[in-house]
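The values are calculated or read from the model by the stated rules, or taken from the named source; none is laboratory data. The structure presented is a predicted model; accordingly, all values stated were derived computationally and were not measured. Virtual Cβ from ideal backbone geometry, glycine too; neighbours counted across all protein chains shown.
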Amino acid sequence: MTFFDSHCHLDEGSWADPTESVIARARAAGVRYLVTIGGNDGVDYARAAVARAETDPEIWATVGIHPCHATLVNDESFAAIEALSSHPKVVAIGESGLDYAWEKEAPREVQVAALRRFTQLARRTRKPLVLHIRDAWDDCRRLFEEEAQGEVVPLVHCFTGTLDDAKAWVALGAYISIPGIVTFKNAGQIPEAAAWVPEDRLLVETDSPWLAPIPFRGRKNEPAYIVHTATRVAELRGVSVEHIARITTENAARLYGVA
Ligand SMILES: [Zn+2]
Ligand SMILES: [Zn+2]
């Protein structure tokens, strides 16, 4: 089986051992392709993701600034991200989005302004937009409809919404990425959404080093664990894990324009 981890943070800095070992374990587990996310707390984080992608032909990067750190988006940081976005290993913009659970650290209007800029960047670069959405499903969708509908392909990463949210985003052309949370007992409507997403829009991700699936819940997550998430998604859809591995790899390759 070959897997594609559509969303991991390889150089987050909280790994117990060197990133090279994490990547080696991923490959041993069949995770051949990885997209490392360069959207967190600023330009250095984005640069590190691009540098990581340069070390391996089957690792690619995204660039952006996370909504929880939207206060860091200014003309200077945005220009630096924009410059990085034309790098040949950069396959998407993000993660950007709206996370209202963090509005004390990053006020809503600041998050909205940042998301508008990154959505426009995705539009100009013709690259997909990696969206992080928490407690802000309707606002994020409305903003996307205003700024980019039909012009940008959205990837709703770490999907934690309702079945209706999944349907609304797919109607806007989105890919839906299912995280390890789908293996938890208390997974909300993620299992229903994972069972429903059309076959050509389904992705799986680890979001490692966070959100390890069962049986590793509470520990540091890593791309090798994606098989547990894919196995649960396969159960929910009544298909084999081999099938999930194949379609999610094809979908991620098509979306990111790689492999
Ligand atoms: Zn996220
Ligand atoms: Zn992430």
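When Arg27, Arg47, Arg52 are screened for being part of a helix (DSSP H, G or I), charged (D, E, K, R), within 16 Å of ligand 2 (Cβ to nearest atom) and on the phi < 0 side of the Ramachandran plot, only Arg52 passes. Can we say Ala113 is among the small types (Gly, Ala, Ser) and either touching an Asp or Glu at 6+ places or on another chain (Cβ under 7 Å) or surrounded by 16 or more Cβ atoms within 10 Å (Cβ to Cβ) (or both)? No: the conditions fail for Ala113. Ala148 meets all of the listed conditions (1) without any contact (Cβ under 8 Å) to a residue 40 or more places away in the chain; (2) among the aliphatic types (A, V, I, L, M); (3) under 24 Å from His9 (Cβ atoms) but one, namely (3).
In the stretch 192-203, the condition of being within 12 Å of Val233 (Cβ to Cβ) and within 14 Å of ligand 2 (Cβ to nearest atom) is met by at least one residue.
A search for C-beta distances below 9 Å between a residue of the stretch 25-46 that is farther than 17 Å from Pro88 by Cα and of a type in the set (S, T, N, Q) and any residue that is in a strand (DSSP E or B) and within 16 Å of ligand 2 (Cβ to nearest atom), counting only pairs 6+ apart in sequence or on different chains, returns Asn40/Gly64; Asn40/Ile65; Asn40/Glu95. Of all residues in the stretch 1-24, exactly one satisfies the criterion of being within 16 Å of ligand 2 (Cβ to nearest atom), assigned to a strand (DSSP E or B) and either at pLDDT below 95 or among the aromatic types (Phe, Trp, Tyr) (or both), namely Phe4. The C-beta contact set for the stretch 186-215 (first residue farther than 26 Å from Thr62 by Cβ and without any contact (Cβ under 8 Å) to a residue 12 or more places away in the chain, second residue within 16 Å of ligand 2 (Cβ to nearest atom) and part of a loop (DSSP other than H, G, I, E, B), distance under 8 angstrom, 6+ apart or interchain) is empty.
Taking Tyr33, is it hydroxyl-bearing (Ser, Thr, Tyr), within 19 Å of Asp207 (Cβ to Cβ) and outside any helix (DSSP H, G or I)? Steps first, answer last, please.
Working: hydroxyl-bearing (Ser, Thr, Tyr): yes; within 19 Å of Asp207 (Cβ to Cβ): yes; outside any helix (DSSP H, G or I): yes.
When the stated conditions are applied, Tyr33 passes them.
The set of residues in the stretch 153-173 that are without any contact (Cβ under 8 Å) to a residue 40 or more places away in the chain and in a loop (DSSP other than H, G, I, E, B) comprises Phe159, Thr160, Gly161, Thr162, Leu172, Gly173.
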